[in-house]
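S.K.: Submitted below is the structure of interest, expressed as structure tokens.
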Amino acid sequence: MRYLKSLVSAVAIAASIGAAAVVQADTKTTKQALTEDYVREDMPAGFQVVVAEFEGPVFADAKGKTLYNWPLRDLRNGPAGEQKGKPTCTDTKYTTNAGLMSPYPGGMTLPEVETRPTCVQLWPPAYAAADAKPVGKWTIVDRTDGKKQWAYEGLALYTSVLDKQIGDVVGGSSLSPRGPDGGLAGDAEGAMREPVGPPTAMPKQFRIRPFHRGRLLTTVEGRSVYQWDKDADGNSNCTNACAREWAPILAPDRVQPQGEWSTVERSPGVKQWAFRKRPVYTHVLDEKTPSQQGGDVPGWHNVYTQLAPNPPKGFTVQDMVSGQVLADAQGRTIYIYNCNDDAPDQQSCNHPAAPQAYRFMICGKGDWQRCLQQFPYVIAAKDAKSDSRIWSVMDIDPKTGKRAQPGDAGALHVWAYRDRPVYLCGRDKKPGDVECDAWGEFSGIRNGYKAFWLRDDFGRNSI
Amino acid sequence: MTGFVSAKTWRSTTAVIALVAMTAGADGAAADDAALADHKIGYTMVNKAVAIYQTADGKAECPNGLNDGPREQFDKLYPRDGTSRTLLETQLEREGEIWNPSLEKEKLPFYEAQGKTAIGLNLDGKVGPNDYTSPTGEKGIDNQMYRSVGCVASYRGPDGSYRHFTESYMQQFDFNRTLLELTDVESLANDSDVTVSVYRGLDPLLLDSAGEHIPGGSQRADHRWGKEFIQHIKGKIVDGVLTTEPTDVFLPETLARGVAKQFIHAWRVQLKLSPEGAEGLMGGYVDVERLYNLLGQNWATHFRSYGQESLPSEYRLFRKNADGYPDPKTGEMTAISTAWEVKFQQVFIMHPPTSVATAKPAKQDDIAR
């Protein structure tokens, strides 16, 4: 609850242009709720920046609903999504698949076609008033229905009907099911909507990579950034042999401190970047970009601009042969279900409000009871509560896979992540097993299950 | 056994050691001496392919031609004749079959490899009715995997897509190496008692400017995450050929998106050794369910279509031809005899200092600071 209060205050502060970085009052909360600073840009009246607890700073409309875009993606058999200045999300009701998912052809009638919503019904456009004027990167584009729509950096903006409260980012995520390194499967997850936000306030030498652990800081080349316990604020103690293994990230000599970024002078005229006052390095032995391997060396840590909210109490982190996964209290690996359909408007099918035929075919060839055996829900205690917005509990009718009312006969009280139930794997026998990872179409990223990876040094899932 | 190096050595000599090795390879004798320093030599796997016996035109082993793959089967099951069809009864039905395979009779034919000749090893020491004879005349060859996939284009040489991508990914990605380290070696020609240790390697393969594998690289053995892969097995070298005692192993799988390992019962190798590399066969009984999941998880229907590989069809043959490790309750065989043709290059294997091997990784609470 304390965190939610802080979040609301963050929204209020952030909404005013030029506000300082969010500061939390409580020490314990501060450790978990440091939020990512962002560039204060001019924006049209009626829009604001909300610092979401997982996605970081995102744009929202006047009601606090997060804004999304739909970038064009090259799928296996053709593109989907939107080009700059050309919104294609309309009130067209699609009834068949498009055949963009190799090797399967198009023209097949979609599940629950009678009630399938249109794109606009799921993704209401951020309409612009007839007299609206462009502001900075915010422009106005013409829709095919004759209306005007706001765009940011040329891509049309939408809200999601799945977002209910200010700070919700349920409609889409910056973290692809493929993982932040892009994986091996092209854009096989489909053309997905992504939350849109202002640039992170950081030097051009750096970038952010979203992970389940949080928003990881890397160099522009993708190398992980580290900090060292033996350094002090404003001073580096890593020299000689240390500096050969941990390469200081040097800053231009004329750079000035900005926000959370400053420099330390390693020797006269040689400046090193510091984030939140501590010098930053790359690890020369890191094999992957980015990597968490440097964090295995005692005293060294990956750097996150914003950590993800902690999972529910009692959840655990398990080592396995490729890294680490999130698990329940018994050590059983948690799985996320991913699904995006193959219609031209590329609707997600991983939410309980969406057709469950996709999931039921993968987990049990249409048999819901078999699904319960192979991919049981993660049951929550009756009084279970989440400390974050990204984790929640909900009631599910296992026969339909859709939401149930509390107390409904046969309903299950289950844990959910981003408003979607999470699962266990019936084949996992011991902590660290991930027998159901990559289970489903395109290794579980198009219609299937992926383990909740926190670290993956040897696969292509999380890092 | 190999001693652990200091942390400083571990971190600083990786690059240098490759240069030393290349310099030492100036003449054969020197290379031999260098390769057997401290009575040990290391190798890293650079290629692996299911052993497939192929005649020139393939007609002897595949008289019906090669099997249909996902695209061909889909077109036959759901002809484009103007019939209105749903996604549920077509694409989702096929994917549901992949992830929930059955042993019901298939609607379409799927052919086993024919003939009595196969490449492989005699895994059980017997000559059974379903065993093959090797191309060199050895009887009792156990390779029921060949019977199952010998007529699937993906597995056939020289450029079946699974073969191609297995090698390609080994070069492309610097993880999941299979390392063999021979210790207590007196001679690469003959030694009746050597120890063969299996590790997962952490480093890229060494290639020349033409993209060809070359010996003399270095590989760090993964003692931190890869404990499950570590095995110490007894072996012997006779006339330059290394053989090992059968041992249950997990081997790293490079072509991996999900579970990056394969479980093999009674695994062993038969490798012609040289100071520069090793080449030959490895064999064992592959756990059918783990193999089937691995194939599905690592290689989407789209990719399997390249090599006309229908997973549900293969599942039926894996289960039908399984010939080892009966289920204690049902008696049904759970594993299938398999042989792989493998190639290794010589590498210098480095072991981490204890502090790295036993480092506690960052947990969720540790990073929330």
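Please treat every number below as a calculation from the coordinates, not as lab data. Since this is a predicted model, take the numbers as computed values, not measurements. Neighbour counts run over all protein chains shown; Cβ positions are idealised from the backbone, glycine included.
S.K.: With the cut-off at 1.5 for a/c, could you classify chain A from its C-alpha gyration tensor as rounded, prolate or oblate? Walk me through the intermediate numbers first.
M.R.: Numbers: a/c = 1.70, a/b = 1.26, b/c = 1.35.
Since a/c reaches 1.5 but b/c is at least a/b, the shape of chain A is classed as oblate.
S.K.: Counting Lys and Arg as +1 and Asp and Glu as -1, each charge on the Cβ, what is the dipole of segment B:251-319 about the Cα centre in debye, to the nearest 20?
M.R.: Details: 8 positive and 7 negative charges, 33 e Å.
It comes to approximately 160 debye.
S.K.: Ok, one more. Under the rule of at least 5 residues apart or a separate chain, name every residue whose amide H is placed under 5 Å from the amide H of A:Lys86.
M.R.: A:Ala156
S.K.: Using Cα atoms only, what is the angle between the long axis of helix A:2-15 and the major principal axis of chain A, expressed in degrees (0 to 90) to the nearest 10?
M.R.: Taking the Cα atoms of chain A, the angle to A:2-15 is about 80 degrees.
S.K.: Let me ask something additional. Please name which of A:Leu110, A:Trp123, A:Asn69 has its Cα lying farthest along the dipole of segment A:68-137 towards the positive end, using unit charges on Cβ (Lys, Arg +1; Asp, Glu -1) and the Cα centre as origin.
M.R.: A:Asn69
S.K.: About the Cα centre, and with charges only on the beta carbon of Lys, Arg (+1) and Asp, Glu (-1), how big is the dipole of chain A? Nearest 20 debye, please. Please list the in-between numbers first.
M.R.: Working: 56 positive and 53 negative charges, 78 e Å.
Taking the Cα centre of chain A as origin, the dipole is about 380 debye.
S.K.: Let me ask you something else. Tell me whether segment B:223-281 comes out rounded, prolate or oblate; compute the Cα gyration tensor, take square roots of the eigenvalues as a ≥ b ≥ c, and use a/c under 1.5 as the rounded threshold. Walk me through the numbers before you get to the answer.
M.R.: Values: a/c = 2.15, a/b = 1.77, b/c = 1.22.
Cα axes put segment B:223-281 in the prolate bin.
S.K.: Sequence gap at least 6, Cα distance under 8 Å: using those rules, report the relative contact order of chain B to the nearest whole percent.
M.R.: Values: 787 pairs, mean separation 91.1, N = 369.
Once divided by the residue count of chain B, the mean separation gives 25 percent.
S.K.: Right, another one. Along Cα→Cβ, 7 Å out, is where each label goes; now give me the distance between the ones at A:Lys164 and B:Leu108 in nm to one decimal.
M.R.: 4.5
S.K.: Taking square-rooted eigenvalues a ≥ b ≥ c of the alpha carbon gyration tensor, is segment B:190-304 rounded, prolate or oblate, where a/c under 1.5 means rounded and, failing that, a/b exceeding b/c means prolate?
M.R.: Numbers: a/c = 1.76, a/b = 1.26, b/c = 1.39.
Cα axes put segment B:190-304 in the oblate bin.
S.K.: Okay, next question. What ranking of B:Asp239, B:Asp193 emerges when the number of other C-beta atoms within 10 Å of each C-beta is taken as an exposure proxy, fewest first? Write out the running numbers ahead of the final one.
M.R.: Numbers: B:Asp239 7, B:Asp193 11.
Starting with the residue having the fewest Cβ neighbours, the order is B:Asp239, B:Asp193.
S.K.: Exposure proxy check: A:His212, B:His232 ranked by fewest other beta carbons within 10 Å?
M.R.: Numbers: A:His212 23, B:His232 12.
Fewest-to-most ranking of A:His212, B:His232: B:His232, A:His212.
S.K.: Here's something else I'd like to know. Would you work out the relative contact order for chain A, in percent, from Cα pairs under 8 angstrom that are 6 or more residues apart? Walk me through the numbers before you get to the answer.
M.R.: Values: 1076 pairs, mean separation 71.1, N = 463.
Relative contact order, chain A: 15 percent.
S.K.: Using amide H atoms built 1.01 Å from N in the peptide plane, name the residues 5+ places from A:Leu454, or on other chains, whose amide H lies under 5 Å from its own.
M.R.: Here the answer is A:Gln324, A:Val325, A:Leu326, since their amide H atoms fall under 5 Å of that of A:Leu454.
S.K.: Something else about it: How charged is the neighbourhood of B:Lys236? Take every other residue with its Cβ under 12 Å from the Cβ of B:Lys236, and add Lys/Arg as +1 and Asp/Glu as -1.
M.R.: On the way: positive: B:Lys234, B:Arg268; negative: B:Asp184, B:Glu186, B:Asp191, B:Asp193, B:Asp239, B:Glu245.
Neighbour charge sum, excluding B:Lys236 itself: -4.
S.K.: Okay, next question. Among A:Ala353, A:Gly167, A:Pro290, whose Cα sits farthest toward the positive end of the charge dipole of chain A (+1 at Cβ of Lys/Arg, -1 at Cβ of Asp/Glu, about the Cα centre)?
M.R.: A:Gly167
S.K.: Per-residue counts of other Cβ atoms within 10 Å, averaged by peptide: what ranking do you get for B:316-322, A:256-262, B:92-98, highest first? Numbers along the way, then the final one.
M.R.: On the way: B:316-322: 19.9, A:256-262: 14.9, B:92-98: 22.0.
Per-residue mean Cβ counts within 10 Å order the peptides as B:92-98, B:316-322, A:256-262.
S.K.: With contacts defined as alpha carbon pairs under 8 Å and 6 or more residues apart, what's the relative contact order of segment A:316-456 in percent?
M.R.: Details: 309 pairs, mean separation 49.1, N = 141.
Reported relative contact order: 35 percent.
S.K.: What per residue convex hull volume, in Å³, do the alpha-carbon atoms of the protein assembly as shown yield?
M.R.: Each residue corresponds to 180 Å³ of Cα convex hull volume.
S.K.: Just want the ordering: B:Phe263, A:Phe54, from fewest to most Cβ atoms lying within 10 Å of their own Cβ.
M.R.: Values: B:Phe263 20, A:Phe54 23.
Sorted ascending by nearby Cβ count, the order is B:Phe263, A:Phe54.
S.K.: Let me ask something else about it. Please compute the net charge surrounding A:Lys313, taking Lys and Arg as +1 and Asp and Glu as -1 over other residues with Cβ under 10 Å from its Cβ.
M.R.: Numbers: positive: A:Lys385; negative: A:Asp387.
After counting each charged neighbour, the total is 0.
S.K.: Could you give each residue of segment B:193-199 its phi-based ³J(HN,Hα) in whole Hz, using Karplus coefficients 6.51, -1.76, 1.60 with θ = phi - 60°, and x for Gly or Pro?
M.R.: Each residue of segment B:193-199 in turn: 8, 10, 10, 10, 9, 9, 9 Hz.
S.K.: Setting aside same-chain residues fewer than 8 positions from A:Lys84, which lysines have a Cα under 30 Å from its Cα?
M.R.: A:Lys63, A:Lys65, A:Lys93, A:Lys133, A:Lys137, A:Lys147, A:Lys148, A:Lys164, A:Lys204
S.K.: Which whole-Hz ³J(HN,Hα) couplings does segment A:274-280 yield from phi under the Karplus relation 6.51 cos²θ - 1.76 cosθ + 1.60, θ = phi - 60°, glycine and proline marked x?
M.R.: 10, 10, 6, 6, 9, x, 10
S.K.: May I ask you to evaluate 6.51 cos²θ - 1.76 cosθ + 1.60, the Karplus curve with θ = phi - 60°, for each residue of segment B:316-330 and list the ³J(HN,Hα) values in order in whole Hz, giving x for glycine and proline?
M.R.: 4, 6, 4, 5, 5, 9, 3, 9, x, 6, x, 5, x, 8, 9
S.K.: Where Lys and Arg each count +1 and Asp and Glu each count -1, what net charge lies around A:Ala98 among other residues with Cβ under 12 Å from its Cβ? Don't jump to the answer; show the numbers that get you there.
M.R.: Working: positive: A:Arg76; negative: A:Asp341, A:Asp342, A:Asp345.
Within the 12 Å Cβ shell, the charges total -2.
S.K.: Return the long-range amide H neighbours of B:Asn143 (sequence gap of 5 or more, or a different chain), with a cut-off of under 5 Å between placed amide H atoms.
M.R.: It is B:Tyr132, by chain and number.
S.K.: A further question follows. What FRET efficiency would be calculated for the residue pair A:Trp368, A:Thr118, taking the C-beta separation as r and a Förster radius of 35 Å, to the nearest 0.05? Show your work: numbers first, answer last.
M.R.: Values: r = 28 Å, r/R0 = 0.80.
Plugging the Cβ-Cβ distance into 1/(1 + (r/R0)^6) gives 0.80.
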